Structure formats: C-alpha cells, structure tokens
Amino acid sequence: MDSLKIYAPEFFRRSAIFRRVQNFLRMKIAINTRFLLSGRLEGIGRYTYEVSRRLVLQHPDDEFLFFFDRPCDPAFLFGPNVRAVVLPPPARHPVLWYIWFEWAVAQALKRHRPGVFFSPDAYLSLRAATPTVMAVHDLAFEHYPGWAPPLVQRYYRHFMPLYCRRAQRILAVSEYTRQDVVGRYGLDGERIAVCGNGCRDGFAPLSDEEKQAVRAEVSGGKPYFLYIGAVHPRKNTHRLIEAFSRFKARCPGPALLLIAGRFAWQTGEVKQAYDNSACREDIRFTGYVPDEDLPRLLGGALCLVYPSLFEGFGIPILEAMHCDVPVITSDTSSMPEVAGPAARLISPEDIGGLAGAMQEVSESPALRQRLIEAGREQRRKFSWDKTAGIAYENLRLAAGLTAAGHPPLPGRS
C-alpha cells in the first residue's frame, strides 16, 4: 500500500477510486493475544508481544483486533489501529481452551469479520471459517509425553494435528520444528514458513566495570554460570545441578551456579539433585527475573548454560550472543541450528560431558573469546523485525493477498 502512495499521481491519490483501492488492500487482522500478561511475558507471551507490536507499528493502515481472555493492560494496545476485544472465559485449562477457541473466538471472528486470524500460540478455532495463520513453537509433547499433565497431553495429541491441517499457513520458529510438523502430521512443507525468533531490546555487552558491579550485586563478586528458563525436567535443570557439582569437585574455585526461572511442573528431580549436591552453598535459585533485570544478570555471567532436552528455538541462547556471553547448550532439536558455531555443544543427558564443558569454558579464555566472536556473527541471522516481516507476508498470503499487496495470481497459494 505504501508503494501506491509513493508512485500514484497526486490527482489519483485524491480520487474515490484510489480510496477504494486502499480499502481493498488494507487488512483487518485478528490476533490471539491471550498470553499478553503484564509482568509475565515468557516464551509464547514474549513471541506474541514482539511480533504483534511490530505488526501494529509497521502497518498503521491495517486494522488490528486483539483477542484477550481477560481484561487487558492498555500498554499492550500498541497503536490507534488496535482494538481490544475481551472474550471470556479465561482460557487456562483444556476444557476452557476448547470453549474459548471453539465458541468465544469463533463467534468473535464471525461477528467482526477480519480478513485473517493470527494465532501465535499454536491453537486455533476449528469452527471458524476465517483464514488462519498459526505459529508452532515445538512438538515437545510428542517427544516427551510425560512432561505434561494427562489431560493436557490428551488435548495436545488430539487437537494439534487438526490445528495444523486446518491452518492456511503455519509459522515454525525453526527449521527443526518445520521438519517435525511435516514428518509427524504429513503436511505439505510449502505451507510452513520458518520465521525464527529474535532478541528483544536491552541485551548488549557490559564493560568489565559493569560486570564487576553486577557480580558484586548478585554473586558476592564471584564469577557465575547462569541458567535462564523454567525449572522443569524438560529444561534438564536436575542434570545441570549434578554436572555443576562434578565441576566443583574438579575445580574447587569461586564460581557459582545461578538458576533464574520459576518453578514449573514436576520439580521433584531438581530438589533431589540440589539436596544431594555437595556444593549447595554455591547454587542459588533467583526465581523469576523481571525483564528489566535480565540483561544485566546475563551480561555479568561467565557463561550461559542451557542444557535443555528439547527446544523449538531457545531464545536465551540468542540473548547471550547479544551480550557477548559464551554459551554451552545441547546438541539436540533446534539448539544447534540457533547456536551454530557460537556454542560448546553437549549431549544433554551426559552429565560428565556437561561438567567437562563447564571446566573448559571456565579455564580457557581463548575458548570463551572464540565463542563470543562466533556469536557476533551468528546473532545476525535472527531478529524480531525479520520474524514480524515473515508473519506479515504469510498473513497476506492467507488472506488472499500477495506480499506485494496484489491479489494472488492464478495457481499461487
């Protein structure tokens, strides 16, 4: 639409025909924003925030409907072209998920008649006729069914294949996830675009003086390994604690392990690993770290240790690269794709290998510098602007418009 404004003659831009053409090209986009929760932007909520904010700001001529499942924070209405629509009930249980998507969302789409519906959290409405773009972050429940409560697992296993087949377009956060969806559900890979994730503002390298100030504040001036994420068996934090204990037995220096994240499901293994550790005084649980504090905490770390068993992307890896902090991460699922040559890769179930990697990074300034320099190159491959651009292109495709703003040619999807 912007190209019309630039190239159309002045007399045509003032005409009724031009206005009708603009209205034809303008999109009305409904977005599922139920994970935009003030002070609790994690994972999918962060993805929803970064992408929807850019869509609104970069496309002021389009109209956006934000579907919330509870009263929303006005800070999430990113521009005058956004209207909040609150649809009860709050959808935080499988039964309520079904009610919200198949009744509340379906009725809202029918009533407001958007040209396309964008769902960033891998759910959609099977009853709605609106063209839909859905983001898929991972299929962890297919690989590790014991990680979710039984009713949640049953919901995922039943509905996810239906959702993927229903969506006109799918956004996968990594090539690994795209291949996983194609392989498990037999979908045409042409319907799935890899959009990646990005690093939000604020993550940047700290000076030596700033690092010392952060360490004085959070670790008594000692160097620290940092883990960021939920405390959950999927994240492998129990093996991380065991590996750190072995590392300390080999290298009884001042280094600490800071575990930054909320406790999630099934944390008994983590407690057991902590209780059995001989270096409990060197392991500290910070709890959930607010967005505004996380860049400094990460910037002051000796190394990010992210030994997750399974990830669709792994945003902390990218955030560490932006902070010039070396990374140790797993050689499974999407993590090698995101890390590239900028991380020391380990098998997440190899506790001895993880302890050895921590020792290598701790003792080798040359290795740390090599990983940092590789991270400066690798991080250029990902950005939220790029993710939002791919999302918008697929919204136009699903709505029946090409990315250039014209109706699709015959034979194009």
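The values are calculated or read from the model by the stated rules, or taken from the named source; none is laboratory data. Please read these numbers as outputs of a predicted model, since none were measured by experiment. Neighbour counts are summed over all protein chains in view; Cβ atoms, including those assigned to glycine, are modelled from backbone coordinates with ideal geometry.
Structural remarks
- The set of residues in region 167-212 that are in a loop (DSSP other than H, G, I, E, B), without any contact (Cβ under 8 Å) to a residue 24 or more places away in the chain and polar (S, T, N, Q) contains only S207.
- Test: A148 is closer than 25 Å to E102 by Cα and of a type in the set (G, A, S): yes
- On inspection, A91 does not qualify as surrounded by 15 or more Cβ atoms within 10 Å (Cβ to Cβ), on the phi > 0 side of the Ramachandran plot and among the hydrophobic types (A, V, I, L, M, F, W, C).
- Pairs with Cβ under 6 Å, 6+ apart, first in region 274-290 and surrounded by 13 or more Cβ atoms within 10 Å (Cβ to Cβ), second part of a loop (DSSP other than H, G, I, E, B): Y288/R262
- You will find that of L109, L77, L96, the residue that is crowded, with 17+ Cβ neighbours inside 10 Å and closer than 24 Å to H158 by Cα is L109 and no other.
- Matching residues in region 269-313 - criterion: being among the aliphatic types (A, V, I, L, M) and at pLDDT 95 or above: I283, L294, L297, L298, A301, L302, L304, V305, L309
- The one condition from (1) under 29 Å from F263 (Cβ atoms); (2) surrounded by 17 or more Cβ atoms within 10 Å (Cβ to Cβ); (3) modelled with pLDDT of 95 or more that R46 does not meet is (3).
- Qualifying residues in region 357-413 (those that are at pLDDT 95 or above and outside any helix (DSSP H, G or I)) - the one nearest to Q58 (Cα to Cα): S383
- Selection from region 45-71 of residues that are more than 22 Å from H137 (Cβ to Cβ), of a type in the set (A, V, I, L, M, F, W, C) and outside any helix (DSSP H, G or I): L65
- Residue among A129, A135, A104, A122 that alone is assigned by TED's automatic domain parsing to the domain that holds I29, aliphatic (A, V, I, L, M), in a helix (DSSP H, G or I) and at pLDDT 95 or above: A104
- On inspection, R169 passes the criterion of being crowded, with 22+ Cβ neighbours inside 10 Å, within 19 Å of the chain's Cα centre (by Cα) and basic (K, R).
- Yes/no for K248 being assigned to a helix (DSSP H, G or I) and within 16 Å of Q359 (Cβ to Cβ): yes
- Which numbered condition F225 fails, given (1) touching a Pro at 6+ places or on another chain (Cβ under 7 Å); (2) outside any helix (DSSP H, G or I): (1)
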